[in-house]
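Notes for the one structure printed next.
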Amino acid sequence: MAHAVLGGLVAVGWLVLPLARAGADHPATVARSAGVTAPPVAAPQEGTTTGDLVPPLVAVGAAGALATYGYARRRRRATTRTTPGGDPEVVSLHELDRQARQSLIEIDDCVRVAAEELGLAADRSAGDAVEPFVYDLRHAEAELAAAFRLRQRLDETEASGAIPAEDDTREVLEEIIARCQDAGRRLDAAAPGFDQIRALERTAVAALEAAETRFRDVAARTPAAGATIADLHKRYAPATSLPVAGDAEQAKDRLVFTTFHLNQARQYADRGDGAKAAAHLRAAEGALGQAADLVNGVERLAGELASAATELPVALAAVETVRDAARRRAPDGSAGLVGQLGHTDALLSGVRHETAAGPYDPLDALRRVVEAAAGLAGAGGGDVPDGRAHALLPARSALAGASCFIGTHRGAVGSTARTRLAEAAWLLGSGSATLSEVRRADDLAREARRLAERDVRAYGNPAGGRGGAGAGGAVLGGILLSDGEGGPMSYGGPRTRGRRAASFT
């Protein structure tokens with residue numbers, strides 16, 4: 001408001017000043033207005049030109065803009081602020097926080113489903129046809145990533161024990177909601193055009209054939225995934241295979257759901273009911289995608305464990321070389337380095353003992369070797385060659401595992417787990433993360449997995465008797481909406497994602 005008042009005063013000054021000068025320079029005008037004949041005066045050599053009006057007009061425009069901004073800002077705050085004796089309908093800070101968390105969950109689901117459907121559309125469409133929708137999705141992803149980063153910074157501030165001002169917290173929450181809304185509007189606006197290129201209602205038969213082909217591939221690989229899990233349990237420490245322990249069974253459950261809805265889609269397509277065929281086909285595609293993710297996750301973990309087992313001796317030898325060099329300097333070094341050498345010895349000897357004694361967890365062992373390397377570097381003991389490269393393998397494994405778990409259980413996973421996952425992905429996504437940033441990403445990804453598992457345990461049985469065989473897993477996986485719409489999620493934002501629900505029943 002102060003800005004608006006100041007702008008108004010400046011504008012008035014600019015407008016009055018030329019008039020004051022004109023009155024001083026032309027006394028004849030004043031005299032005539034009073035009915036007095038003035039003596040002749042010389043004509044002025046300079047008059048007021050159009051250019052003299054530009055500054056006042058600019059000032060008036062600026063004042064108006066500032067006033068409008070101030071009014072809009074006050075109005076926005078008035079609708080989201082709780083004050084003693086104020087409007088009982090205003091949004092409290094607690095409610096605003098709840099809305100921000102819900103917005104993150106909702107748009108994260110929309111972005112995940114949009115990426116999945118876009119991939120399916122790209123397989124059956126020309127590249128230039130999907131390009132506009134790729135652009136819309138990238139925009140939504142960027143807005144969502146920024147919103148997650150704001151949420152992460154807010155959580156870090158609260159975790160540090162600092163108490164931010166209520167206005168500051170409110171502004172952050174408002175921006176989170178605004179960014180999510182922008183992402184959702186972008187996807188909502190693109191949904192009708194996307195339906196035109198996917199054209200499931202018109203091309204259900206061809207899309208069914210593609211889905212059935214993919215179904216046979218995933219179904220053939222699922223028993224092998226179960227055998228791989230059993231092999232991991234025998235080859236490595238028992239805890240190593242826990243992240244994928246139930247994935248083969250969950251993949252089978254998603255495939256049961258897929259079978260049911262592919263059959264439904266086929267029947268409706270044969271009857272010429274394209275809308276119902278498209279709805280059931282979309283549900284089948286979502287479940288099939290998750291079954292493939294679960295099977296791929298088992299295969300990915302097996303490969304990562306094998307790579308870690310190969311990389312571990314190299315990393316271990318590199319850290320021991322740096323440690324030995326630091327120990328030779330230790331008498332002249334700092335007390336911190338001397339203490340760190342003892343901690344490094346404990347870490348490395350523990351890894352040596354585990355690898356020699358029997359089944360162990362290569363990723364966890366590599367993680368501890370990286371911890372020893374980071375400790376030496378931090379204490380002035382020297383950098384370990386390829387230390388960051390050794391840290392990347394467990395960090396990327398943790399990120400991929402957490403992403404798969406959250407994606408295939410997103411119907412139950414809250415905003416905090418998703419926020420930690422997004423922060424880990426942001427740290428690793430730049431390609432230039434430092435060793436400390438890679439380790440931080442590893443910690444965040446594992447925290448995301450723990451929080452997501454806690455959310456799933458608290459969720460209970462989501463079946464609800466809807467959607468046929470395997471519906472419980474489909475609701476848990478976010479394939480079917482659980483907010484009363486009951487249909488499959490599709491490309492789009494909050495307003496359009498459930499548009500096939502009416503044709504699903």
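Looking at the structure I just gave you, is Ser349 polar (S, T, N, Q) and under 30 Å from Arg235 (Cα atoms)?
Numbers: polar (S, T, N, Q): yes; under 30 Å from Arg235 (Cα atoms): yes.
Against the criterion (polar (S, T, N, Q) and under 30 Å from Arg235 (Cα atoms)), Ser349 qualifies.
Only residues that are at pLDDT 95 or above and not in a helix (DSSP H, G or I): list them for region 412-433, please. Reasoning before the result, please.
Taking region 412-433 and keeping what is at pLDDT 95 or above, we get 412-428.
Residues satisfying the conditions are Ala412, Val413, Gly414.
Among what's in region 202-232 and is acidic (Asp, Glu) and closer than 22 Å to Glu117 by Cα, pick the residue that is most open to solvent (accessible area, probe 1.4 Å). Before you say what the answer is, go through the steps one by one.
Of all residues in region 202-232, those acidic (Asp, Glu) come to 209, 212, 217, 231.
Next, only the ones that are closer than 22 Å to Glu117 by Cα stay: 209, 212, 217.
On the way: Glu209: 101, Glu212: 49, Asp217: 81 Å².
It comes out as Glu209.
Read through the list (1) at pLDDT 95 or above; (2) among the small types (Gly, Ala, Ser); (3) surrounded by fewer than 20 Cβ atoms within 10 Å (Cβ to Cβ), then give the number of the only condition that Gly272 fails.
(1)
Return yes or no: is Arg396 of a type in the set (D, E, K, R), open to solvent by 40 Å² or more (accessible area, probe 1.4 Å) and under 18 Å from the mean Cα position of the chain (by Cα)? Working first, answer last.
Numbers: of a type in the set (D, E, K, R): yes; open to solvent by 40 Å² or more (accessible area, probe 1.4 Å): yes; under 18 Å from the mean Cα position of the chain (by Cα): yes.
Yes; evaluated as a whole, the condition is true for this residue.
Restricting to region 233-244, count the residues that are within 18 Å of Leu294 (Cα to Cα), buried (at least 16 other Cβ atoms within 10 Å of the Cβ) and among the hydrophobic types (A, V, I, L, M, F, W, C).
Residues that pass the stated criteria total 1.
Being in contact (Cβ under 8 Å) with a residue 24 or more places away in the chain, surrounded by fewer than 16 Cβ atoms within 10 Å (Cβ to Cβ) and part of a helix (DSSP H, G or I): is that true of Glu175 here? Even if it seems obvious, please write down each step before you answer.
Details: in contact (Cβ under 8 Å) with a residue 24 or more places away in the chain: yes; surrounded by fewer than 16 Cβ atoms within 10 Å (Cβ to Cβ): yes; part of a helix (DSSP H, G or I): yes.
It is true that Glu175 is in contact (Cβ under 8 Å) with a residue 24 or more places away in the chain, surrounded by fewer than 16 Cβ atoms within 10 Å (Cβ to Cβ) and part of a helix (DSSP H, G or I).
Condition first: open to solvent by 60 Å² or more (accessible area, probe 1.4 Å) and closer than 20 Å to Arg439 by Cα. Now tell me which residues in region 311-332 satisfy that.
Pro313, Val314
Checking the structure you have, find out if any residue of region 297-309 is under 30 Å from Leu200 (Cα atoms), touching a residue at least 60 places away in the same chain (Cβ under 8 Å), within 31 Å of the chain's Cα centre (by Cα) and crowded, with 18+ Cβ neighbours inside 10 Å.
yes
Conditions first: (1) under 29 Å from Pro394 (Cβ atoms); (2) surrounded by fewer than 19 Cβ atoms within 10 Å (Cβ to Cβ). Ala335 passes all but one, so which condition is the exception?
Of everything listed in (1) under 29 Å from Pro394 (Cβ atoms); (2) surrounded by fewer than 19 Cβ atoms within 10 Å (Cβ to Cβ), Ala335 misses just condition (1).
Can you find even one residue in region 334-341 that is touching a residue at least 40 places away in the same chain (Cβ under 8 Å) and of a type in the set (S, T, N, Q)? First the steps, then the outcome.
At the first step, the residues of region 334-341 found to be touching a residue at least 40 places away in the same chain (Cβ under 8 Å) are 334, 336-337, 339-341.
Now restrict to residues that are of a type in the set (S, T, N, Q): 334, 340.
Scanning region 334-341 turns up at least one residue that is touching a residue at least 40 places away in the same chain (Cβ under 8 Å) and of a type in the set (S, T, N, Q).
Please tell me if Ala199 is open to solvent by less than 60 Å² (accessible area, probe 1.4 Å) and on the phi > 0 side of the Ramachandran plot. Break it down stepwise before answering.
Numbers: open to solvent by less than 60 Å² (accessible area, probe 1.4 Å): yes; on the phi > 0 side of the Ramachandran plot: yes.
Spelling it out, Ala199 is indeed open to solvent by less than 60 Å² (accessible area, probe 1.4 Å) and on the phi > 0 side of the Ramachandran plot.
Within region 407-429, work out how many residues are among the hydrophobic types (A, V, I, L, M, F, W, C), under 12 Å from the mean Cα position of the chain (by Cα) and open to solvent by less than 10 Å² (accessible area, probe 1.4 Å).
Narrowing region 407-429 to residues among the hydrophobic types (A, V, I, L, M, F, W, C): 412-413, 417, 421-422, 424-428.
Still in the list and also under 12 Å from the mean Cα position of the chain (by Cα): 417, 421-422, 424-426.
Going one step further and asking which of them are open to solvent by less than 10 Å² (accessible area, probe 1.4 Å), we end up with 417, 424.
Residues that pass the stated criteria total 2.
Kindly indicate whether any position in region 358-366 is over 15 Å from Glu437 (Cα atoms), open to solvent by 50 Å² or more (accessible area, probe 1.4 Å) and not hydrophobic (A, V, I, L, M, F, W, C). If you could, list the steps in order and put the result at the bottom.
So the first thing to find is which residues in region 358-366 are over 15 Å from Glu437 (Cα atoms), and the list is 358-366.
Restricting the remaining residues to those that are open to solvent by 50 Å² or more (accessible area, probe 1.4 Å) gives 359, 364.
Narrowing further to those that are not hydrophobic (A, V, I, L, M, F, W, C): 359, 364.
Yes - at least one qualifying residue is present in region 358-366.
Return the residues of region 138-157 that are more than 13 Å from Ala425 (Cα to Cα) and either touching a residue at least 40 places away in the same chain (Cβ under 8 Å) or surrounded by fewer than 18 Cβ atoms within 10 Å (Cβ to Cβ) (or both); say none if nothing qualifies. Outline the logic, then answer.
Quick first cut of region 138-157, residues more than 13 Å from Ala425 (Cα to Cα) only: 138-140, 143, 147, 150-151, 153-157.
Matches in region 138-157: Arg138, His139, Ala140, Glu143, Ala147, Arg151, Arg153, Asp155, Glu156, Thr157.
Being in contact (Cβ under 8 Å) with a residue 40 or more places away in the chain and touching a Ser or Thr at 6+ places or on another chain (Cβ under 6 Å) is the requirement here; does Arg124 meet it?
On the way: in contact (Cβ under 8 Å) with a residue 40 or more places away in the chain: yes; touching a Ser or Thr at 6+ places or on another chain (Cβ under 6 Å): no.
The answer is no for Arg124.
Residues that are touching a Pro at 6+ places or on another chain (Cβ under 9 Å), buried (at least 20 other Cβ atoms within 10 Å of the Cβ) and modelled with pLDDT of 95 or more: does region 97-105 have at least one? Can you show your working first?
So the first thing to find is which residues in region 97-105 are touching a Pro at 6+ places or on another chain (Cβ under 9 Å), and the list is 103.
Going one step further and asking which of them are buried (at least 20 other Cβ atoms within 10 Å of the Cβ), we end up with 103.
Checking which are modelled with pLDDT of 95 or more leaves us with 103.
Within region 97-105 (the criterion being touching a Pro at 6+ places or on another chain (Cβ under 9 Å), buried (at least 20 other Cβ atoms within 10 Å of the Cβ) and modelled with pLDDT of 95 or more), the answer is yes, since at least one residue qualifies.
Can you list residue pairs whose Cβ atoms sit under 9 Å apart, with the first residue in region 408-420 being under 13 Å from Val456 (Cβ atoms) and the second being β-branched (Val, Ile, Thr) and in a loop (DSSP other than H, G, I, E, B)? Count only pairs 6 or more apart in sequence or on different chains.
Gly411/Ile479
The values are calculated or read from the model by the stated rules, or taken from the named source; none is laboratory data. A quick note: this is a predicted structure, and the numbers were derived from the prediction, not measured. Virtual Cβ from ideal backbone geometry, glycine too; neighbours counted across all protein chains shown. Note: accessible area is taken over every heavy atom of the protein model, side chains too, but ligands, DNA and RNA are not part of it. Shrake-Rupley method; radii C 1.70, N 1.55, O 1.52, S 1.80 Å.
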